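Peer 1: Have a look at the structure that comes next, please.
The values are calculated or read from the model by the stated rules, or taken from the named source; none is laboratory data. Here the structure is a predicted model, which means the values were calculated and not measured. Heads up, the Cβs are rebuilt from the backbone with ideal geometry, glycines too, and the neighbour counts pull from every protein chain shown.
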Amino acid sequence: MQQVQPGDVAWVLLCTVLVLLMTIPGLALFYAGMVRKKNVLAIMMQSFSLCAAMTVVWVVAGYSLAFTNGNAWIGDLSRLFLNGLAADWNKAFTLGAGTDAAQPTTIPESVFLMFQMAFAIITPAVVTGSCADRMKFSALLLFMTLWSLLVYAPLAHWVWAPTGWLAQLGVADFAGGTVVEINCGVTGLVCALMLGRRIGYGQENMAPWNLAYAVIGASLLWVGWMGFNAGGALAANGRAGMAVLVTQVAAAGATLSWTFAEWFLRGKPSVLGAISGAVAGLVAITPAAGFVLPGPALAIGIISGVVCFWAATSLKMALRYDDSLDAFGVHGVGGIIGTLATGWFAFGPLTATEAAPDGVTIGGLTQFSVQAVAVAAAIVWSGGVSWVLLKLTDLAVGLRVSAEEEREGLDIVLHGEQVF
């Protein structure tokens, strides 16, 4: 019978705090530095408010839908309002208890659900980068509440709950290549397409207001990502240690590859490019963090830096969609690269478990095919359901501010405040 291990509890609590730090203040500052001055408070308000709103949604129903046994597609309602948590509040938690695929842990359920809550918070917050400068605050709150329950929770169940159909298929997603990265990237692209381009896009100067803010935000994201990836081990062990190492290596590789690609093609290495490259590498290593060694991690980082640079510049320009802060170009594309690369580069001994001591491991063409199925499923579900929910939100409250309000700026129009 497993017991609570204080060291594991301390580690996962630390990782939880680091992931929460990624949203407030990390993402809030990162995005605030990249919008125009008239929209700085609005984009920060979105991250801050989603931190609160998604917490409540997770407690009420999100956690139950994502991580109770249910069926292959969705969890059940047994943990609504965290019902039943008090019964074994200080006992070691078993994910999927009572099923053949049960996963015992050495932490209480409160710690597990809080760690997962931090993921449910940052994922919709990333989406705001695609609809920056033009979406109503009321529309954002309504859409993200529905999205958390009908897009995020089911996808998390498919991948991370032992009874989920992708988990049963054998998908390897250590920290959210599908659930977080592809999900928020594709949702962001759908938002950008449905909202339409910002007024003056392609004609007016939309340069970032304060790149110093963005660098501080990116730095917080880089550090916080150590908890984001390594916390997936749910214990202070060798896999967590490897996840920290490969996260650092991939981020470094992508920072340099984006920087040198931009330097070669545009003549100067930009600060915005360097921090965007770092995030691209962090995104791409997310699904692979507990499965690969440093060499493949460096390759994943270098590849993601170059490909995400192309997606955020050439692809966006060619297709003329206005993904304001490149949530799709970085998170969507980086998540696809990392999820597929996990299937090919996964290191056998890292992927073996106590339930499979005889070397039943992943890595190779078969696993690559499973990963491709997961990528396709995430794209279709996220894109399709997000489109429906945006349509419903538009009917209910309208998606976009008026042209006059957009020109004036969301800070004054929506919140009655501004940065001087």
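Peer 1: Looking for whichever is touching a Gly at 6+ places or on another chain (Cβ under 9 Å) and of a type in the set (Phe, Trp, Tyr) here; the options are 115, 93, 81. Which one fits? First the steps, then the outcome.
Peer 2: On the way: 93 fails: touching a Gly at 6+ places or on another chain (Cβ under 9 Å); 81 fails: touching a Gly at 6+ places or on another chain (Cβ under 9 Å).
Exactly one residue qualifies, and that residue is 115.
Peer 1: With respect to the numbered conditions (1) in contact with a Ser or Thr (Cβ under 9 Å, 6 or more places away or on another chain); (2) in a helix (DSSP H, G or I); (3) buried (at least 24 other Cβ atoms within 10 Å of the Cβ), which one is the sole condition not fulfilled by residue 259?
Peer 2: (3) is the only condition that residue 259 fails.
Peer 1: OK, next. Is it the case, given these coordinates, that residue 196 is more than 16 Å from the chain's Cα centre (by Cα) and not β-branched (Val, Ile, Thr)? Outline the logic, then answer.
Peer 2: Numbers: more than 16 Å from the chain's Cα centre (by Cα): yes; not β-branched (Val, Ile, Thr): yes.
So residue 196 fits the description; yes.
Peer 1: Moving to a separate point now. Has segment 133-142 got at least one residue that is within 28 Å of residue 339 (Cα to Cα) and hydroxyl-bearing (Ser, Thr, Tyr)?
Peer 2: Checking segment 133-142: not a single residue is within 28 Å of residue 339 (Cα to Cα) and hydroxyl-bearing (Ser, Thr, Tyr).
Peer 1: Within segment 266-299, which residues are among the small types (Gly, Ala, Ser) and part of a loop (DSSP other than H, G, I, E, B)?
Peer 2: Filtering segment 266-299 for residues among the small types (Gly, Ala, Ser) gives 267, 270, 273-274, 276-278, 280-281, 284, 288-290, 295, 297, 299.
If the condition is that a residue be among the small types (Gly, Ala, Ser) and part of a loop (DSSP other than H, G, I, E, B), then 267, 270, 288, 289, 290 are the ones that fit.
Peer 1: Quick one: count up the residues across segment 128-143 that are surrounded by 24 or more Cβ atoms within 10 Å (Cβ to Cβ) and either within 14 Å of the chain's Cα centre (by Cα) or among the aromatic types (Phe, Trp, Tyr) (or both).
Peer 2: Of the residues in segment 128-143, 4 are surrounded by 24 or more Cβ atoms within 10 Å (Cβ to Cβ) and either within 14 Å of the chain's Cα centre (by Cα) or among the aromatic types (Phe, Trp, Tyr) (or both).
Peer 1: Name the single residue, out of those in segment 170-227 being modelled with pLDDT of 95 or more and hydroxyl-bearing (Ser, Thr, Tyr), that is surrounded by the fewest Cβ atoms within 10 Å (Cβ to Cβ).
Peer 2: Across segment 170-227, the extreme among qualifying residues is 219.
Peer 1: A further question on this structure: What pairs come up if the first residue lies in segment 135-153 and is farther than 27 Å from residue 402 by Cα and of a type in the set (Phe, Trp, Tyr), the second is part of a helix (DSSP H, G or I) and at pLDDT 95 or above, and their beta carbons are under 7 Å apart, counting only those six or more places apart or on different chains?
Peer 2: Sorted first by the residue in segment 135-153, then by its partner, the pairs are 152/120; 152/123; 152/183.
Peer 1: Right, here's the next one. Given (1) assigned to a loop (DSSP other than H, G, I, E, B); (2) buried (at least 17 other Cβ atoms within 10 Å of the Cβ); (3) hydroxyl-bearing (Ser, Thr, Tyr), where does residue 78 come up short, assuming only one miss?
Peer 2: (2)
Peer 1: Kindly list the number of the only condition in (1) farther than 22 Å from residue 168 by Cβ; (2) surrounded by fewer than 18 Cβ atoms within 10 Å (Cβ to Cβ); (3) free of Cβ contacts under 8 Å to residues at least 60 places away in the same chain that fails for residue 44.
Peer 2: Looking at each condition in turn, residue 44 falls short on (2).
Peer 1: Looking at 71, 90, can you tell me which residue is in a loop (DSSP other than H, G, I, E, B), surrounded by fewer than 22 Cβ atoms within 10 Å (Cβ to Cβ) and modelled with pLDDT of 95 or more? Even if it seems obvious, please write down each step before you answer.
Peer 2: Working: 90 fails: modelled with pLDDT of 95 or more.
Just a single option satisfies the conditions, and that option is 71.
Peer 1: Also, I was wondering about something else. With the requirement that a residue be in a loop (DSSP other than H, G, I, E, B) and modelled with pLDDT of 60 or more, what does segment 333-363 give you?
Peer 2: First, pick out the residues of segment 333-363 that are in a loop (DSSP other than H, G, I, E, B): 346-347, 352-363.
Scanning segment 333-363 gives 346, 347, 362, 363.
Peer 1: List every residue pair whose Cβ atoms lie under 9 Å apart, where the two residues are 6 or more positions apart in sequence or sit on different chains, the first residue falls within segment 385-403 and is modelled with pLDDT of 95 or more and outside any helix (DSSP H, G or I), and the second residue, located anywhere, is surrounded by fewer than 17 Cβ atoms within 10 Å (Cβ to Cβ) and among the polar types (S, T, N, Q).
Peer 2: 398/138
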